[in-house]
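Note sheet for the following structure.
Derivation of every value follows stated rules applied to the coordinates shown; laboratory data play no part. Note that the structure is a prediction, hence the values are computed from the model and not measured. All Cβ positions, glycine included, derive from the backbone under ideal geometry; neighbour counts span all protein chains shown.
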Amino acid sequence: QACAAQGASLAFAPSEEDNDAVAAAVEDARENGDDDTVFWIGLYSITEDGVDYYYWDNVDDEATWFNWEAGHEDDTDSDENQFCVAMSGSKKHLGEWNDKGC
C-alpha cells in the first residue's frame with residue numbers, strides 16, 4: 001500500500017534474468033556496504049491445505065521460478081507468520097530470497 005500511494009510497486013522478478021537485474025539494482029542501492037540489508041520484492045504466499053502457493057502482487061500470477069536462499073523457504077521454525085518475501089542485499093547471498101513476516 002505504501003508503494004502504491006507513491007505510484008510505485010515492489011520489485012517483480014519472475015525469472016532468473018529479471019532477478020539478476022533486480023539484484024544488480026539492490027547491490028547499487030546498498031548503503032555503505034551494509035551487508036545485512038534486505039529489500040522487499042512483490043512476492044507473497046497463501047497457504048491452502050498445508051501447501052504454500054506464491055503469487056506476484058502486481059500481476060496476481062502464481063510464481064513458477066524461485067531463488068530461495070538455502071534453508072530459508074518457509075521458515076516454519078519461526079513464530080512469525082512469514083507470508084512476504086525479501087531479497088538479500090548481502091555480498092554472500094545477493095539476489096537470494098527469504099520469506100519474512102509482512
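With each label modelled as a point 7 angstrom along the Cα→C-beta vector, the A4-F66 pair spans 2.6 nm.
Here the spin labels are modelled as points 7 Å beyond Cα on the Cα-Cβ line, and at C102 and F83 they lie 0.4 nm apart. When cysteine pairs in the chain are screened for C-beta atoms closer than 4.7 angstrom, the residues that find no partner are C3.
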